[in-house]
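Participant: Just passing along the structure, written as C-alpha cells.
The values are calculated or read from the model by the stated rules, or taken from the named source; none is laboratory data. Since we're looking at a predicted model, the values are computed, not measured. Cβ placement follows ideal geometry from the backbone for every residue including glycine, while neighbour counts extend to all protein chains displayed. Ligands, DNA and RNA are excluded from the accessible area calculation, which covers all protein heavy atoms including side chains. Shrake-Rupley method; radii C 1.70, N 1.55, O 1.52, S 1.80 Å.
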Amino acid sequence: MEYVTRIVIIGGGPGGYEAALVAAQLGAEVTVVDCDGLGGASVLTDCVPSKTLIATAEVRTSFDSSYEELGITVDDGAVIGVDLGKVNRRVKRLALAQSHDITASVTRAGGRVLRGRGRLDPVREADGTRRVIVRAADGAEETLSADAVLIATGAHPREIPDALPDGERILNWTQVYDLDALPEELIVVGSGVTGAEFAGAYQALGSEVTLVSSRDRVLPGEDPDAAAVLEDVFRRRGMNVMARSRAQAAKRVGDRVEVTLADGRVISGTHCLMAVGSIPNSADMGLEESGVRLTESGHIWTDKVSRTSAPGVYAAGDCTGVLALASVAAMQGRIAMYHFLGDAVAPLNLKAVSANVFTDPEIATVGYSQADVDKGLIDARVVKLPLLRNPRAKMQGIRDGFVKMFCRPGTGIVVGGVVVAPRASELIHPIAIAVDNNLTVEQIANAFTVYPSLSGSVAEVARQLHTRKAQRES
C-alpha cells in the first residue's frame, strides 16, 4: 500500500487554505484546523470586510468630488445619506459567503476541515512524526499525526492598556462592523495603513474624523511623496490630522469618548477606533517547547521557504511578521507545501510583491522604494509624473496622484514603482510584471497603451526614463 503524506495546517487564513489546496493537489492527506471559519481575519474581519466598506465610501467620494465639474446637477442640494447598518450587514454577508466558498474549495480538493484550536505536542512520535492536539469548543480533544505541520494562525489587534475596546464606543478594527449608525465624530488612533484606510472611509461616509498620528505624517512606512498627497487630500476634505500626537489613554464619558494624548491634551468624539498594530497569534501553542523559535515580538522565525527552526514545522502569514499581506501569506503557504512535498519551488522574493493602501486615492507600490534609493541601498534613476498631465485624468476630474518609476542607470531595468491614483491597485500591475521579469523602461515605453487611459502615464514615465538614460549615455 502506497504511503500518503499527512499535512496538518493550523489556521485557515490565506496562508493556510492556499497551502491546503496545493498539498491536496500534490496528493497529500490534508487537515485544516480552524476555530473561526476558513479565510481567517483576512476574509472575516480584515481585508474583505474593510475593502467592502471602502467600496461604499468610494462611490460617495467619487460623486461628491466631481459631480459639479462633470456637469451633473443635484436638485435642491440633496445630500447622499449612508445607512451604515445596511452597509455593515452587506459587509458581513459577503465575508461569510467568501468563507463558505473557500471551505467548499478545500473540501472539494479532498481536504478535511476540523473546527477547533490546534497546538503542537512537544513530544514527537518514535519515527519523528509531529502530533497536533485539537481542542474543540466543547472541550473534546483529538490528536492528529502529521509528517509536516504548517502554522498559519495570523494576528489580532494590539491593545493599549488604558484604551481597551468595549465594542460600543471604543473599537478595534474587528468590531466596527457591528455599528448600526454612522459615528458622528470618530477619533482614529494610528496613522498606519489600517488607520488611514478607515479614517478615509468614514470621512467619505460622512463622519467628522480626527486622525491621531504619533509620527510626523500619515503612513510613515509608505513613499513620502505618496503620503504627502494623501495627507493633503485628507486635510482638504476636512479631516483633522494631528501629527506628532501619541495617544496614551481612551475612556468613555457618557455617550462620548475622551482620548488623552501624551502631552496632556484631551480630544473628544462619539467613537474611537484603535488601529495601533497587531500581535501574532503564537502564544499557548506549544511552539517554543517544540523547538520553534520566536522573535522578541512573538513572531515565528522562518526562512525563505517558510521553514521554522523545528524540523517538519513551517509557518506562513501574519504570525511570521514578514509582510502583513494576504498575497504574501498565500505565497508563503504555497512555498511551504511545494518545498516539503518535493515540487519545484523558488524562495520568497519580497521585492516582487505588490502592495496597496485602499485610501482615496489609492497608493500602490512594488519593488525598491524611494527610501531604498535615498539610503543608497540601490543605485536607481527616478521619474515622477503627476496625473494632472494625463488626458483621461483630466476627463474624469482627477487632480491628485502620480506615477513614479525606478530603474537601474546603466541597463534601464525597472526595479520599483509607486502609483497614487484611483484604482492604483490595478495600475501597478504592469510595473510589477516589469520588476518580476527584469524588463527595461524601453520595453514598457514601446508597448502600446490605450488612448486615453490612466495606464498611459505608466508608459510616459518609462519614456522619460529612457530619454534621460539616452541623454546620460550621450
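Participant: At 1.4 Å probe size, what's the solvent-accessible area of Val59? Round to the nearest 10 Å².
Facilitator: Its accessible surface works out to 100 Å², give or take rounding.
Participant: Now for a separate question. Mind listing the long-range amide H neighbours of Ala155? Cut-off is under 5 Å, sequence gap 5 or more, other chains count too, H placed in the peptide plane at 1.01 Å from N.
Facilitator: Residues meeting the amide H criterion: Asn281.
Participant: Within the stretch 121-201, report the trypsin sites (Lys or Arg not before Pro) that DSSP leaves as loop and that have at most 14 other Cβ atoms within 10 Å.
Facilitator: Values: sites: Arg124, Arg130, Arg131, Arg135, Arg158, Arg169; in loops: Arg124, Arg158, Arg169.
Here the sparse-neighbourhood loop sites are Arg158.
Participant: Turning to a different aspect of this structure: Taking the full set of protein chains and a 1.4 angstrom probe, give the accessible area of Leu323 in square angstrom, rounded to the nearest 10.
Facilitator: So the heavy atoms of Leu323 present about 70 Å² to solvent.
Participant: So, taking all protein chains as they sit and a 1.4 Å probe, how much accessible area belongs to Tyr368, in Å² rounded to tens?
Facilitator: Number for this one is 70 Å².
Participant: From the phi of every residue in the stretch 369-385, what ³J(HN,Hα) in whole Hz does the Karplus formula 6.51 cos²θ - 1.76 cosθ + 1.60 yield, where θ is phi - 60° and glycine or proline is x?
Facilitator: Here the 3J(HN,Hα) series is 10, 4, 4, 4, 5, 5, 7, x, 6, 8, 8, 8, 8, 10, 10, 10, 10 Hz.
Participant: Counting Lys and Arg as +1 and Asp and Glu as -1, each charge on the Cβ, what is the dipole of the chain about the Cα centre in debye, to the nearest 20?
Facilitator: On the way: 49 positive and 58 negative charges, 211 e Å.
Value, rounded to 20: 1020 debye.
Participant: Given Cα positions, please report Rg to Rh for the stretch 335-429, the hydrodynamic radius being the Kirkwood one. Show your work: numbers first, answer last.
Facilitator: Details: Rg = 16.5 Å, Rh = 15.0 Å.
That ratio is 1.10, to two decimals.
Participant: Can you give me the C-alpha center-to-center distance between the stretch 103-138 and the stretch 303-381, rounded to a whole angstrom?
Facilitator: The stretch 103-138 and the stretch 303-381 have Cα centres separated by 26 Å.
Participant: With a point put 7 Å past each Cα toward its Cβ, work out how far Lys394 is from Asp379 in nm, to one decimal.
Facilitator: Reported label-point gap for Lys394 and Asp379 is 3.9 nm.
Participant: Okay, moving on. Over the chain, what percent of the accessible surface lies on carbon and sulfur atoms, probe 1.4 Å? The partial results should precede the final answer.
Facilitator: Numbers: 10900 of 22170 Å².
C and S fraction of accessible area: 49 percent.
Participant: Could you sort Asp374, Asp318 by their accessible area in this structure, using a 1.4 Å probe and putting the largest first? Walk me through the numbers before you get to the answer.
Facilitator: Numbers: Asp374 110, Asp318 55 Å².
Ranked list, largest accessible area first: Asp374, Asp318.
Participant: Something else about it: Stretched out fully, how many nm does the piece from Arg246 to Val59 gain, at 0.36 nm a residue minus the Cα gap? Walk me through the numbers before you get to the answer.
Facilitator: On the way: separation 187, 0.36 × 187 = 67.32 nm, distance 3.23 nm.
Answer, rounded to one decimal: 64.1 nm.
Participant: Additional query: So what J values fall out for the stretch 136-143 if you push phi through Karplus, 6.51 cos²θ - 1.76 cosθ + 1.60 with θ = phi - 60°, rounded to Hz, Gly and Pro as x?
Facilitator: Listing the rounded values in order: 7, 4, 8, x, 5, 10, 9, 10 Hz.
Participant: Then there is this: For Arg423, project a label point 7 Å along Cα to C-beta. Then give me every residue of the stretch 27-62 with its amide nitrogen under 19 Å of that point.
Facilitator: 51-62
Participant: For the chain, count all C-alpha to C-alpha pairs, find those more than 34 Å apart, and express that count as a whole percent of the total.
Facilitator: Working: 47505 of 112101 pairs.
Percentage above 34 Å: 42.
Participant: Alpha carbon centre of the stretch 181-231 versus the stretch 4-26: separation in Å?
Facilitator: 36
Participant: Give the ranking of Cys319, Cys47 by solvent-accessible surface, highest area first, calculated with a 1.4 Å probe.
Facilitator: Ranked from most to least accessible, the order is Cys47, Cys319.
Participant: With just the Cα atoms of the stretch 156-268, tell me how far they stretch along each of the three principal axes, in Å, largest first.
Facilitator: Answer, in whole Å and largest first: 40, 31, 27 Å.
Participant: Give me Rg/Rg_expected for the stretch 315-474, where Rg uses Cα atoms only and Rg_expected = 2.2 N^0.38 Å with N residues. Please list the in-between numbers first.
Facilitator: Details: Rg = 17.0 Å, N = 160, 2.2 N^0.38 = 15.1 Å.
Rounded to two decimals, the normalised Rg is 1.12.
Participant: For q = 0.14, 0.17, 0.22, 0.23 Å⁻¹, what log10 I(q)/I(0) does the stretch 232-307 give under the Debye formula with an equal point scatterer on each alpha carbon and no solvent?
Facilitator: -0.72, -0.80, -1.01, -1.08
Participant: Okay, moving on. Please list Arg265, Arg244 in order of solvent-accessible area, largest first, computed with a 1.4 Å probe with all protein chains present. Could you put the intermediate results ahead of the total?
Facilitator: Values: Arg265 105, Arg244 160 Å².
From most accessible down to least: Arg244, Arg265.
Participant: OK, next. Hey, what's the chain come to in accessible area per residue, 1.4 Å probe, Å²? Please report the intermediate quantities before stating the final value.
Facilitator: Working: 22170 Å² over 474 residues.
Accessible surface, normalised per residue, equals 47 Å².
Participant: Rounded to the nearest 500 deg cm²/dmol, what is the calculated helix-only ellipticity per residue at 222 nm for the chain, with -39500 (n - 2.57) per DSSP H run of length n ≥ 4?
Facilitator: -9500 deg cm²/dmol
Participant: Fully extended, how many nm does the chain gain between Leu164 and Ala109 (0.36 nm per residue separation, minus their Cα-Cα distance)?
Facilitator: On the way: separation 55, 0.36 × 55 = 19.80 nm, distance 4.16 nm.
This chain segment gains 15.6 nm when fully extended.
Participant: What is the sum of charges, Lys and Arg at +1 and Asp and Glu at -1, for the other residues whose Cβ falls under 11 Å from the Cβ of Leu186?
Facilitator: Numbers: positive: Arg169; negative: Glu184, Glu185, Glu208.
Spelling it out: positives minus negatives among the neighbours equals -2.
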